[in-house]
Each structure stands twice: as structure tokens, then as C-alpha cells.
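Comments concern the structure below.
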Amino acid sequence: MSEQKFKKVVLAYSGGLDTSIIIPWLKENYGCEVIAVAGNVGQDKELSGLKERAIKTGASKIYIEDITDEFVDEYIIPTMQAGAIYENTYLLGTSFARPPIAKRIVEIAKKEGADAICHGCTGKGNDQVRFELTIKAFAPEMPIIAPWRIWDIKSRDEEIDYAIAKNVPITLTRETNYSKDMNLWHLSHEGLDLEDPANEPNYDKILELSVTPEKAPDVPTYVSIDFEKGVPVAVDGEKMKASEIIRKLNKLGGANGIGIIDIVENRLVGMKSRGVYETPGGTILYRAHEQLEMICIDKDTMHTKQMLAQKFAELVYDGKWFTPLREALSAFVTETQKNVNGTVKMKLYKGNVIPAGVTSPTSLYDEEVATFGADNIYNQADSAGFINLFGLPIKIKAMLDEKRGN
């Protein structure tokens, strides 16, 4: 495949079909030692047997790095605080998981003295960009091997054929060969019948974190979430770290059919892609945080923040986490969160997240001013002068148009 030879290659390894067959492929085509690195970002159950599988497939060593709390505290929470949602629907579950994994892979590659890094991302996907931009940020001279861009394999069926030929152990079949990505925040499903947007997803077949709203309980579930400076710190009064909060909300949200989306998104590389994503806890957290911001952030800051949220989402989706603009936007977001403190109560019912009350010690809402009842603070007569000045440009234009016969 290549005349270039490497002594030691560090592989971003998940144990899935792609990365499993890449180990023997690397050894065959580059004559190198392969060190596998798996980043645990909350997909704990998928890590069972991973070490044995990697070694059996030909890796000389495997690192299984638990970076779940780093992923949550340094990537998920800042993105949630920004209100960043890609194309008004996608809560960026796969997108912001790639930078922390790639960053740790670079650290291990340097530690091991590797002379190349390899990933199993396809040439059609977004993840190749997310991995490689992070590698460039921390190891700009490091060679990157992307087998999907250079090998002769053209489909997942051919990957299975290769795995069988090389005695690579795999657990999937051609009939259940959905492309999935799981972490603490979400689970994505792509491929097979989902590639045709005309097909309704077989939710009973594919869902793992959630039930469908039809199968959710007929009575609502109430949950309260406490925030300090925009960071979730407790659920139903019980203090816990953010990763534990997401785990708890995943269970509550999943049981109530929360956070299932069916989306055709615009990939970074230019094509549209259809997927079904499960984000039960994240959906609750976004909605609760949004409710609290409504009473804690002033109008101008809120409207500016909402405009910047779309740009923040695009940066995350495009793999530009380690860039000056993302860091600058995060600095702005952090400043906006200083007074986002309080408790939000939500009602979960058959796929819906319904606000059920919010309180805050730093609220900007004043019932005495907003009331429809009598008050001694707001003089309603003051609004006449305000409207006269606010509407002056409209009035002058209308007067001049009338004078000119327009």
C-alpha cells in the first residue's frame, strides 16, 4: 500500500469494525508496531473485553483512558452554557467528544515516541476533520494515516470480508451493521435503512438509551436541577458532579421518551446525512439551563448570546475546538453565566420537557414591576414619551412621504 514505513503507530481505537481491521492492515502495509488508544467518554459498557480484542487483533499495547469528567466539564458543559445547537436540532454529541480523545491520543503518541497517528474515520465523514484538526493543534508535524482514504476497501460489507479473512473477532452482522457512536451524552445511529429519509426509523429495533414516547409512562415525572454559575450541581436536591447528573438525567429522560431526534444534517464535507440520535439527559439539561437564563440574563446579553450560539455550534461541529475564536466565545459565555444561579423544575412526559417552575437568588424578574395588578413602581404614563421617541423615525418618514405625495 505504501512505500513509507513507520516503526510505531498510535491508533485511535474503539474496538468497532473499522478500527479492528485497521490493526492488521497497518502492520501489513507499514510494517509497524501498533499501539491502540481508546478514550472512555462514558461508553463504559462498550469497553468490556476491549483490551483482549486489541491484543488478539495484533496491537502490542492498549491504553484505555477514562476522560469522562474532562469531557463533561471542559467540553459538554461549556457548549451547553453557550446554548449551542447545530441546525436547531443536534446537541453535538459526537462532535465535542472527538477533541478530548484526539488530545489524549497525541499525549500518548508523544509519550510512546510514535512516528505516526492513525484514525478509522471515513473520507465522507466529519470525524476525520475533528480528529486531524486537534492533532494539528498539538502535534503539527505528526504524520496522520487515514486508511479509508487510501485502502481498497469500499464498504462495510467489504470490511466484514476483510475481518473474516484476517481472523479479526467482530460481534456485528451484515443485518445489524448500523454505524453507531456512543458516549455519556448521546448515542447516534446511521446507515442501513436509515440512509433513505423516506423510511420511518424502526425505533423499537434501534433505541438503546430511550423508549419511544408511546411506551413512556402515562404519568409525568418531575425533576429539579440546581445550577451555580450556569453549571448543574444537583438533581432533586442531591449534590453530585456533572457527569453523574448526566447519567441520572439519561435514566429519567430515557424512561420518558425524551431526546430522540431524526435529522438530515449538513455535513462539513458537503453532503447531507441522515441519522437518529438519542440525547435524553442532554435534552433535559439544555432546556432547564435555558429556562434559568430567561430570568437571570439581561435582554441585550441574551440576544447577543443567542446570535453567537449558532457560530459556537458550527465551530464545535467543524472540529475547531482548539481555535482562538472558540476560546474567545467561551470567555464571553463564561462571563454571561456569573448570575445564572437557581433551581429549575421540569415535567417529563412522553417525549416532552415541560417547564414547571424556576427560582433564582440572582433573578432579574421583579413581580412587583411585571404585575397586572396595582403597583407603586412603574408609572404607565411614562410609556407615552418612550413610544414617541422610539417611533420618531417611523413618524418622520411617514410625514415626509405624505408631503412628497408618496
Item to check | Viscosity 1.567 mPa s, temperature 4 °C, Stokes-Einstein D of the stretch 105-174 from Kirkwood C-alpha radius, µm²/s | outcome: 94 µm²/s
Next on the checklist: At 1.4 Å probe radius, can you tell me the per residue accessible area of the stretch 252-391 in Å²?
Outcome noted: 53 Å²
Checklist entry - residue 314: accessible area at probe 1.4 Å, nearest 10 Å²? => result 60 Å²
Next on the checklist: Need the full-extension length gain, residue 366 to residue 141, defined as separation in residues times 0.36 nm minus the C-alpha distance. One decimal, nm.
Outcome noted: 75.3 nm
Checklist outcome for this item: Which of (1) 0.96; (2) 1.02; (3) 1.07 is the computed Rg/Rh (Cα atoms, Kirkwood Rh)? It is (3)
Item to check | Share antiparallel - DSSP beta bridges, the chain, percent rounded to 5 | outcome: 70 percent
Checklist entry - What ranking do 156-166, 73-83 get when scored by the average of other Cβ atoms within 10 Å per residue, highest first? => result 73-83, 156-166
Item to check | Solvent exposure of the stretch 1-79 as accessible area per residue, Å², 1.4 Å probe | outcome: 40 Å²
Checklist entry - Can you give the accessible area of residue 14 in Å² (nearest 10), computed on protein heavy atoms with a 1.4 Å probe? => result 70 Å²
Checklist entry - Stretched out fully, how many nm does the piece from residue 200 to residue 338 gain, at 0.36 nm a residue minus the Cα gap? => result 45.3 nm
Checklist outcome for this item: the stretch 39-98, convex hull of Cα, quarter of hull surface, nm² -> 5.0 nm²
Next on the checklist: From the C-alpha coordinates alone, can you work out the Kirkwood hydrodynamic radius of the stretch 255-388, in Å?
Outcome noted: 18.3 Å
Item to check | Accessible area (Å², 1.4 Å probe, nearest 10) - residue 397 | outcome: 120 Å²
Checklist entry - If you roll a 1.4 Å probe over the stretch 100-189 with all protein chains in place, what percent of the accessible area is carbon or sulfur? => result 52 percent
Checklist entry - About its Cα centre, how strong a charge dipole does the stretch 229-344 have in debye, to the nearest 20, once Lys and Arg get +1 and Asp and Glu get -1 at the Cβ? => result 200 debye
Item to check | Extended-chain gain in nm, criterion 0.36 nm per residue less alpha-carbon gap, residue 164 and residue 87 | outcome: 23.8 nm
Checklist entry - Expressed as a whole percentage, what fraction of the accessible surface of the stretch 36-87 belongs to carbon and sulfur atoms when a 1.4 Å probe is rolled over the protein heavy atoms? => result 46 percent
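The values are calculated or read from the model by the stated rules, or taken from the named source; none is laboratory data. What you see is a predicted model; the values in this text were computed from it and never measured. No Cβ is skipped: glycine too gets one built from the backbone with ideal geometry, and neighbour counts run over all protein chains shown. SASA here: full protein model, heavy atoms, side chains in, ligands and nucleic acids out. Shrake-Rupley method; radii C 1.70, N 1.55, O 1.52, S 1.80 Å.
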